[in-house]
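Structure record follows, encoded as structure tokens.
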Amino acid sequence: MSPVEAKVFLAEDDDSYAGALTKILELDGHQIILRVSSLQAALEAILGMNEDEVDVALVDGNLSEDSLGGDDGQRIAEEFRSKFPDKPLLAISGDEQSWSDDPTITKRSGAGVISDKVSEL
């Protein structure tokens, strides 16, 4: 993938965080093709996506109040990888997530670091 202009699928329920991350990603030349804020919306979005519509997924670990330890993110990751096995997926959760292609990236890494990682993929 080119270091810029990645088409990003964003699953994040925190509006302020999603807004800040979107701003940084767009400043770096990336495009948010779809943002969802719930597990159900994420699963439906993946079902409707085509291979050429997305380059990378950024997924929060917990999109619902009853999700603990990244359960929502893991379900989304499983669905995304099932449909797009060659596309990268990064967790943007508060804690490291083993289902992420780079478990060292977290929300605490900062939006700039996350955008830089997207550029590298």
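The values are calculated or read from the model by the stated rules, or taken from the named source; none is laboratory data. All values reported here derive from a predicted model rather than from experimental measurement. In this analysis, Cβ positions are derived from the backbone assuming ideal geometry, glycine residues included, and neighbour counts consider all displayed protein chains.
Within the stretch 66-99, work out how many residues are in contact (Cβ under 8 Å) with a residue 24 or more places away in the chain, in contact with a strand residue (DSSP E or B) (Cβ under 7 Å, 6 or more places away or on another chain) and more than 16 Å from ASP13 (Cβ to Cβ).
Counting residues in the stretch 66-99 that are in contact (Cβ under 8 Å) with a residue 24 or more places away in the chain, in contact with a strand residue (DSSP E or B) (Cβ under 7 Å, 6 or more places away or on another chain) and more than 16 Å from ASP13 (Cβ to Cβ) gives 6.
Return a yes/no flag: does the stretch 15-28 have any residue that is in a helix (DSSP H, G or I), under 19 Å from ARG81 (Cα atoms) and β-branched (Val, Ile, Thr). Outline the logic, then answer.
From the stretch 15-28, those in a helix (DSSP H, G or I) are 15-27; that's our starting set.
In the following step, the residues that additionally are under 19 Å from ARG81 (Cα atoms) were identified as none.
No: the stretch 15-28 contains no residue that is in a helix (DSSP H, G or I), under 19 Å from ARG81 (Cα atoms) and β-branched (Val, Ile, Thr).
In the stretch 77-100, how many are surrounded by 17 or more Cβ atoms within 10 Å (Cβ to Cβ) and assigned to a loop (DSSP other than H, G, I, E, B)?
8
From the residues in the stretch 32-60 that are in a loop (DSSP other than H, G, I, E, B) and touching a strand residue (DSSP E or B) at 6+ places or on another chain (Cβ under 9 Å), which one is surrounded by the fewest Cβ atoms within 10 Å (Cβ to Cβ)?
So the residue we want is SER38.
Any idea which residue in the stretch 101-111 is surrounded by the fewest Cβ atoms within 10 Å (Cβ to Cβ), counting only those that are out of contact with any helix residue (DSSP H, G or I) (no Cβ under 6 Å at 6 or more places or on another chain) and closer than 21 Å to GLY19 by Cα?
Once the filter is applied, the top-ranked residue is ARG108.
A quick yes/no check of all residues on (1) within 14 Å of the chain's Cα centre (by Cα); (2) modelled with pLDDT of 95 or more; (3) under 23 Å from GLU5 (Cβ atoms):
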{"site": "ILE32", "(1), (2), (3)": "yes, yes, yes"}
{"site": "LEU43", "(1), (2), (3)": "yes, yes, no"}
{"site": "LEU47", "(1), (2), (3)": "no, yes, no"}
{"site": "ASP52", "(1), (2), (3)": "no, no, yes"}
{"site": "ASN62", "(1), (2), (3)": "yes, no, no"}
{"site": "SER82", "(1), (2), (3)": "no, yes, no"}
{"site": "PRO88", "(1), (2), (3)": "yes, yes, yes"}
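What's the number of the only condition in (1) surrounded by 15 or more Cβ atoms within 10 Å (Cβ to Cβ); (2) farther than 24 Å from GLU120 by Cα; (3) free of Cβ contacts under 8 Å to residues at least 40 places away in the same chain that LEU63 fails to meet?
(3)
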